[in-house]
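Reading through the structure tokens given below for one structure.
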Amino acid sequence: MQKIFSWGGGKIIEIELPGFEDWVPELFEQFEKSRSTAKKSHKIGGRWENLYIDIDEVPAARNPIRMGRDFGLEILEISSVVLFEPLRGCDHAYPPFWFNLAEPGESTGLHDHALNSKLCGVFYLAAENDSGNLFFHKEGEVDLEIMPKVGKLVLFEPWMRHGVRENRSNITRLSMAFNLFPFPLPIENL
């Protein structure tokens, strides 16, 4: 399954990743084992918004990130590089991928990823109907909504403002988000 949306002056891709059934359970298990050691960046609405885990503890996270890079080049013709360590020159020490847990009743407000990145992705590890649609918002346009589904990857341009609707299901939604960077990297980041 693959859908491409032209929306708000940019492109959004929705893809069911091939073979996700083979490695999502492993990634989910790696996340659960490492969850207690996750670094947290900021709290919003009473919950920690982003959970950062070192790639050595969640090596299966490489799969959706690398596939995102490859589909970004193939479909959007955006050349990017994958990083698993914090980008030098950034004002924080977090890797450029993170996990988001949303319990029933929780949501994520509008934001973008414009700083330093070239392409962004969201990948779903646990989701069901009503667990909170990803939405894209631009003044003067109707919001574009994408329903989460295990194995689905959504790629979009970093300047696009987006958020997540309230989780109205009975399960905790788990997604992994990431940023991809320009290729070649600016010299100060090498």
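None of the figures in this text is laboratory data; all of them are computed from the coordinates on show. Keep in mind that this is a model prediction, so the values were computed, not measured. Backbone-built Cβ (ideal geometry, glycine too); neighbour counts: all protein chains shown.
The length gained on full extension between residue 1 and residue 73, counted as 0.36 nm times the residue separation minus their Cα-Cα distance, comes to 24.2 nm. Once divided by 2.2 N^0.38 Å, the Cα radius of gyration of the chain becomes 0.96. Round to the nearest 0.05 the FRET efficiency obtained for residue 172 and residue 42 when R0 = 25 Å and r is the Cβ-Cβ distance. With R0 = 25 Å, the Cβ-Cβ based efficiency is 0.85. A simple spin-label model places the labels of residue 111 and residue 142 2.9 nm from each other, with each point 7 Å out along Cα-to-Cβ.
Counting only residues at least eight positions apart within a chain, or on another chain, the lysines with an alpha carbon under 28 Å from that of residue 39 are 118, 149, 152. Segment 45-108 and segment 134-190 have Cα centres separated by 10 Å. Look at 169, 6 and count the other Cβ atoms within 10 Å of each Cβ; fewest to most, that gives 6, 169.
Taking the number of Cβ atoms within 10 Å of each Cβ as an exposure proxy, the fewest-first ranking of 172, 37, 108 is 37, 172, 108.
For Cα pairs less than 8 Å apart in space and 6+ apart in sequence, what is the mean separation divided by the residue count of the chain, i.e. the relative contact order in percent?
26
Dividing the summed helix terms, -39500 (n - 2.57) for each DSSP H run of n ≥ 4, by the number of residues in the chain produces a 222 nm estimate of -5000 deg cm²/dmol to the nearest 500.
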